[in-house]
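Working notes, beginning with the structure itself.
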2 protein chains.
Amino acid sequence: MCAKNVFYAQSGGVTAAINASAAGVIEAAREYPQQINRVYAGRNGIIGALTEDLIDTSAESAGAIAALRQTPAGAFGSARYKLKGLDDNRAEYERLIEVFKAHDIGYFLYNGGGDSADTCLKVSQLADTMGYPIQAIHIPKTMDNDLPHTDCSPGFGSVAKYTAVSIREAGFDLASMCASSTKVFILEVMGRHAGWTAAAGGLAAESEGDSPHIILFPEIAFDADAFLARVDACVKQHGYCTIVASEGARDGNGQFLADAGNSDAFGHTQLGGVAPFLADLIKTRLDYKHHYAVADYLMRAARHIASATDIEQAYAVGRAAVEYAAAGKSGVMVSIKRESDTPYRWTLGEAPLEQVANVEKKMPRDYISTDGFHITAAARRYLQPLIAGEDYPAYVDGLPQYVRLNNVAVARKTGTTFTN
Amino acid sequence: MCAKNVFYAQSGGVTAAINASAAGVIEAAREYPQQINRVYAGRNGIIGALTEDLIDTSAESAGAIAALRQTPAGAFGSARYKLKGLDDNRAEYERLIEVFKAHDIGYFLYNGGGDSADTCLKVSQLADTMGYPIQAIHIPKTMDNDLPHTDCSPGFGSVAKYTAVSIREAGFDLASMCASSTKVFILEVMGRHAGWTAAAGGLAAESEGDSPHIILFPEIAFDADAFLARVDACVKQHGYCTIVASEGARDGNGQFLADAGNSDAFGHTQLGGVAPFLADLIKTRLDYKHHYAVADYLMRAARHIASATDIEQAYAVGRAAVEYAAAGKSGVMVSIKRESDTPYRWTLGEAPLEQVANVEKKMPRDYISTDGFHITAAARRYLQPLIAGEDYPAYVDGLPQYVRLNNVAVARKTGTTFTN
């Protein structure tokens, strides 16, 4: 058997940990010279395969690859691009095979979430469907934590830590000022479809009265009256109220609150997301002085406050993908298996991509308190280990040193171009 | 001479560093038993003096006081409350003296910004104006960095570091995704009157093309066409554009953009600040996919990413205030004097409160580039040392351990209450 090249690509929204997976892939690949020749990365994800824009990772120094572990976002570029089914777009698959063949690609390692797992599955089937022998392994990544058949998704633990740390800090701020100033603070967090990231904020509340006082989940229909009553009671009891609101919070009809904000009391259009909507509601109905923050990309890029557990797992799933590939596996996702909560112990395993692709892992209802405004002890048991440990990047002159790769292109060989 | 008690209060918006100053005050006070008996803190700032709600800091353990150094926000509560002039509200001063006398207060140590310096000045004059002997020392604190006669204001360095780190991280995120997704990112930062905090974001840009690409300062009148042209050119050149926008950015008439957003293209009212205003403008005029974050209190509470220089200075000015008080000084602010840029060396000194109170230090025009969209080398020389070094809090189970004091009240002695 001749050694083949690896095609590695980053897919979907980037995280603080996905480059740690890339480092795991590239460093592990060097340990399998019998099976693996070079690791080529797709520039801007799978698009790089279609356009034959491949990056030769062997042109990077060992130090640069190691530094990926402490660098947020996607060093090779990522993309939101989902392959259609074979019947719908056969040309795409033919192009992939043309490029893979030209560059002697025998392994497809795809680093992404649920949509990406679907693409990975389709590529794994190319041997059967198109007669091109390739092993496809999925490397889990999503800050949304919604991949099934894995204890968690690398990228999530760091976002979770960011949320919990941030709302704890904001809570101390409010506690200081509430006697004469701001009484309500809202932190809007990403996570359109599931409340995992909002739930993680709940970890900051370890004792009665701790921040956050209220969490708004996409899973619980928003009831303005119940919410306002809770805010009011909280201000009266603690002097202030801190709220973590998922951007995916929605009303009883399933409409996003962010969109509901389209008309205010005067029928006027409003911009903005959940936080300004809630702020306006609190101002109008309770007249409390309030502030809000919108975390947006800051939370998924916040490598400076990454979870050590998360980074370790991200690196490990990257390594494991290479090991699985070298062992002849295909059509699987590397999965994280929890062996125990306390102390937290985990191992790696695999899940068939058929069971992963396009399946969203929802947050269990019993992770949300009965009143719908906070997390339960079961949620804490699950979430806490994922934010454990700090993995600080190196700093120079007060700033974190994140690596920028040279991203040297592999010479094109197909002589053809592709437009979809 | 008998030892007297200290009244210490936190004033105005809190920061990640003000409690480090409190730790400096309380720890230093123990070293002057001949002059200083106890340190009483005002609950909720000066309001605690007026209402005779004093906290006995000697009831806290040495460990708790030491932990203040790594705890954000104001451990005793802060307040936005400015004493009126003696002629306008003599009753307030009489009440202060009543409380000070009852509790044997000989030293007034006030930890705040420009407005607070004015209050501190007025208290320092009580000996002359009301015949009550008291020494008043101002301890500088403001994330806005607008106190004069000091190289910088404790609290600012940490906000500056947060801004630079955050926009660097967001820049890496955009660079990863811009080929197929978000092309413009806006980070809105606090700082209504001066652009210091926005300017600090500029430190993240060390090489051509680095984030942030554009900074919007309150000092530079916003020109929508010039701004949009710059955004467009940036996207065309680098593939994406990152922007740090001061909440105080304003148009040529001095109107805040956040307020200008009051009417959109349809004449409709809009909520939100500068970021949604700019996002709407970019969407309408350039049609680029964009995201924005609003840092708000997260930035001033972000003890997890505090500047070591900032924390060290905050602690030092607290200690120095006690030393100055013990040395018989009054009517001064502890000031930080820069001895050299590289290596950064600083010493402490004093500035007369008459020259500090109500004076805002503006950002020099030569700190802003000629085109008004970035910072100059002079600004970098000034700002860089202030974000240098990391001073991480201790973590347990993945979360920073911030101390909550017992805040034991001192028994009331005046037998009277005060309402203003």
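The values are calculated or read from the model by the stated rules, or taken from the named source; none is laboratory data. Note that this is a predicted model, so its numbers are computed, not measured. Heads up, the Cβs are rebuilt from the backbone with ideal geometry, glycines too, and the neighbour counts pull from every protein chain shown.
Please enumerate the residues belonging to segment B:29-47 that are crowded, with 23+ Cβ neighbours inside 10 Å and either part of a loop (DSSP other than H, G, I, E, B) or not aliphatic (A, V, I, L, M) (or both).
Pass one, segment B:29-47, residues crowded, with 23+ Cβ neighbours inside 10 Å: B:29, B:39-42, B:44-46.
Across segment B:29-47, the qualifying residues are B:Tyr40, B:Gly42, B:Asn44, B:Gly45.
So which residues in segment A:368-394 are of a type in the set (Phe, Trp, Tyr) and either touching a strand residue (DSSP E or B) at 6+ places or on another chain (Cβ under 6 Å) or buried (at least 19 other Cβ atoms within 10 Å of the Cβ) (or both)? Write out each step before concluding.
Going through segment A:368-394, the residues of a type in the set (Phe, Trp, Tyr) turn out to be A:373, A:382, A:392.
Hits for segment A:368-394 are A:Phe373, A:Tyr382.
Only one of these is modelled with pLDDT under 95 and assigned to a loop (DSSP other than H, G, I, E, B): A:Ser181, A:Ser211. Name it.
Numbers: A:Ser211 fails: modelled with pLDDT under 95.
Selected residue: A:Ser181, the only one of A:Ser181, A:Ser211 that is modelled with pLDDT under 95 and assigned to a loop (DSSP other than H, G, I, E, B).
What's the number of the condition A:Asp232 fails, among (1) within 13 Å of chain B (Cβ to nearest Cβ); (2) surrounded by fewer than 19 Cβ atoms within 10 Å (Cβ to Cβ); (3) in contact with a strand residue (DSSP E or B) (Cβ under 9 Å, 6 or more places away or on another chain)?
(1)
Restricting to strands (runs of 3 or more DSSP E) lying wholly in segment B:278-361: which have 2 or more residues that are without any contact (Cβ under 8 Å) to a residue 12 or more places away in the chain and over 19 Å from the mean Cα position of the chain (by Cα)? Step through it out loud before you land on a result.
Working: elements: B:290-294, B:332-340, B:345-352.
Correct list: B:332-340, B:345-352.
Quick one: is A:Ile26 under 27 Å from the mean Cα position of the chain (by Cα), surrounded by 24 or more Cβ atoms within 10 Å (Cβ to Cβ), modelled with pLDDT of 95 or more and within 14 Å of chain B (Cβ to nearest Cβ)? Please lay out each step first, then the result.
Working: under 27 Å from the mean Cα position of the chain (by Cα): yes; surrounded by 24 or more Cβ atoms within 10 Å (Cβ to Cβ): yes; modelled with pLDDT of 95 or more: yes; within 14 Å of chain B (Cβ to nearest Cβ): no.
In short, no.
For segment A:74-118, give me each residue that is touching a Gly at 6+ places or on another chain (Cβ under 7 Å) and within 12 Å of chain B (Cβ to nearest Cβ). So that I can check it myself, show each step before the final result.
We begin by selecting, within segment A:74-118, every residue touching a Gly at 6+ places or on another chain (Cβ under 7 Å); these are A:76-81, A:112-113, A:115-116.
Residues satisfying the conditions are A:Phe76, A:Gly77, A:Ser78, A:Ala79, A:Arg80, A:Tyr81.
If I go through segment A:195-208 residue by residue, how many of them are crowded, with 20+ Cβ neighbours inside 10 Å and part of a loop (DSSP other than H, G, I, E, B)?
Keep residues of segment A:195-208 that are crowded, with 20+ Cβ neighbours inside 10 Å, which gives A:195-205.
Among the residues that remain, those that are also part of a loop (DSSP other than H, G, I, E, B) are: A:195, A:205.
Summing the residues that are crowded, with 20+ Cβ neighbours inside 10 Å and part of a loop (DSSP other than H, G, I, E, B) in segment A:195-208 gives 2.
Could you count how many residues in segment A:1-23 are within 14 Å of chain B (Cβ to nearest Cβ), farther than 19 Å from A:Asn406 by Cβ and part of a strand (DSSP E or B)?
Counting residues in segment A:1-23 that are within 14 Å of chain B (Cβ to nearest Cβ), farther than 19 Å from A:Asn406 by Cβ and part of a strand (DSSP E or B) gives 1.
Condition test on B:Asp151, is it within 14 Å of chain A (Cβ to nearest Cβ), farther than 21 Å from A:Ala170 by Cα and acidic (Asp, Glu)? Break it down stepwise before answering.
On the way: within 14 Å of chain A (Cβ to nearest Cβ): no; farther than 21 Å from A:Ala170 by Cα: yes; acidic (Asp, Glu): yes.
The answer is no for B:Asp151.
Kindly indicate whether B:Leu147 is modelled with pLDDT of 95 or more, in contact with a Pro (Cβ under 6 Å, 6 or more places away or on another chain) and aliphatic (A, V, I, L, M). Before you say what the answer is, go through the steps one by one.
Details: modelled with pLDDT of 95 or more: yes; in contact with a Pro (Cβ under 6 Å, 6 or more places away or on another chain): yes; aliphatic (A, V, I, L, M): yes.
Taking the combined requirement at face value, the residue satisfies it.
Where residues in segment B:386-407 are more than 7 Å from chain A (Cβ to nearest Cβ), among the aliphatic types (A, V, I, L, M) and within 22 Å of B:Gly63 (Cβ to Cβ), which of them is nearest to the chain's Cα centre (by Cα)?
Per the criteria, the residue is B:Val403.
Would you say B:Ala164 is surrounded by 24 or more Cβ atoms within 10 Å (Cβ to Cβ) and of a type outside the set (Val, Ile, Thr)?
Details: surrounded by 24 or more Cβ atoms within 10 Å (Cβ to Cβ): yes; of a type outside the set (Val, Ile, Thr): yes.
Spelling it out, B:Ala164 is indeed surrounded by 24 or more Cβ atoms within 10 Å (Cβ to Cβ) and of a type outside the set (Val, Ile, Thr).
With respect to B:Lys82, is the statement that it is of a type outside the set (A, V, I, L, M) and within 21 Å of the chain's Cα centre (by Cα) true?
Details: of a type outside the set (A, V, I, L, M): yes; within 21 Å of the chain's Cα centre (by Cα): yes.
Considered against the rule, which asks whether it is of a type outside the set (A, V, I, L, M) and within 21 Å of the chain's Cα centre (by Cα), B:Lys82 comes out as yes.
Taking the stated definitions as given, is A:Thr347 surrounded by fewer than 20 Cβ atoms within 10 Å (Cβ to Cβ) and either on the phi > 0 side of the Ramachandran plot or away from every other protein chain (no Cβ under 14 Å) (or both)? Explain how you work it out, then say what you get.
Values: surrounded by fewer than 20 Cβ atoms within 10 Å (Cβ to Cβ): yes; either on the phi > 0 side of the Ramachandran plot or away from every other protein chain (no Cβ under 14 Å) (or both): yes.
Criteria met by A:Thr347.
Quick one: which residue in B:Phe185, B:Phe217, B:Phe156, B:Phe172 is under 15 Å from the mean Cα position of the chain (by Cα) and either of a type in the set (Ser, Thr, Tyr) or surrounded by 24 or more Cβ atoms within 10 Å (Cβ to Cβ) (or both)?
On the way: B:Phe185 fails: under 15 Å from the mean Cα position of the chain (by Cα); B:Phe217 fails: under 15 Å from the mean Cα position of the chain (by Cα); B:Phe172 fails: under 15 Å from the mean Cα position of the chain (by Cα).
Of B:Phe185, B:Phe217, B:Phe156, B:Phe172, the one residue that is under 15 Å from the mean Cα position of the chain (by Cα) and either of a type in the set (Ser, Thr, Tyr) or surrounded by 24 or more Cβ atoms within 10 Å (Cβ to Cβ) (or both) is B:Phe156.
Looking at this structure, is B:Thr71 crowded, with 21+ Cβ neighbours inside 10 Å, in contact (Cβ under 8 Å) with a residue 40 or more places away in the chain and more than 14 Å from chain A (Cβ to nearest Cβ)?
Spelling it out, it is not the case that B:Thr71 is crowded, with 21+ Cβ neighbours inside 10 Å, in contact (Cβ under 8 Å) with a residue 40 or more places away in the chain and more than 14 Å from chain A (Cβ to nearest Cβ).
Does A:Arg365 satisfy the condition of being more than 14 Å from chain B (Cβ to nearest Cβ), in contact (Cβ under 8 Å) with a residue 24 or more places away in the chain, farther than 29 Å from A:Ile134 by Cβ and surrounded by fewer than 15 Cβ atoms within 10 Å (Cβ to Cβ)?
Values: more than 14 Å from chain B (Cβ to nearest Cβ): yes; in contact (Cβ under 8 Å) with a residue 24 or more places away in the chain: yes; farther than 29 Å from A:Ile134 by Cβ: yes; surrounded by fewer than 15 Cβ atoms within 10 Å (Cβ to Cβ): yes.
Spelling it out, A:Arg365 is indeed more than 14 Å from chain B (Cβ to nearest Cβ), in contact (Cβ under 8 Å) with a residue 24 or more places away in the chain, farther than 29 Å from A:Ile134 by Cβ and surrounded by fewer than 15 Cβ atoms within 10 Å (Cβ to Cβ).
Within segment B:54-68, work out how many residues are within 14 Å of chain A (Cβ to nearest Cβ) and either under 14 Å from B:Arg38 (Cβ atoms) or more than 25 Å from the chain's Cα centre (by Cα) (or both). Quick ask: steps written out before the conclusion?
So the first thing to find is which residues in segment B:54-68 are within 14 Å of chain A (Cβ to nearest Cβ), and the list is B:55, B:67-68.
In the following step, the residues that additionally are either under 14 Å from B:Arg38 (Cβ atoms) or more than 25 Å from the chain's Cα centre (by Cα) (or both) were identified as B:55.
Within segment B:54-68, residues that are within 14 Å of chain A (Cβ to nearest Cβ) and either under 14 Å from B:Arg38 (Cβ atoms) or more than 25 Å from the chain's Cα centre (by Cα) (or both) number 1.
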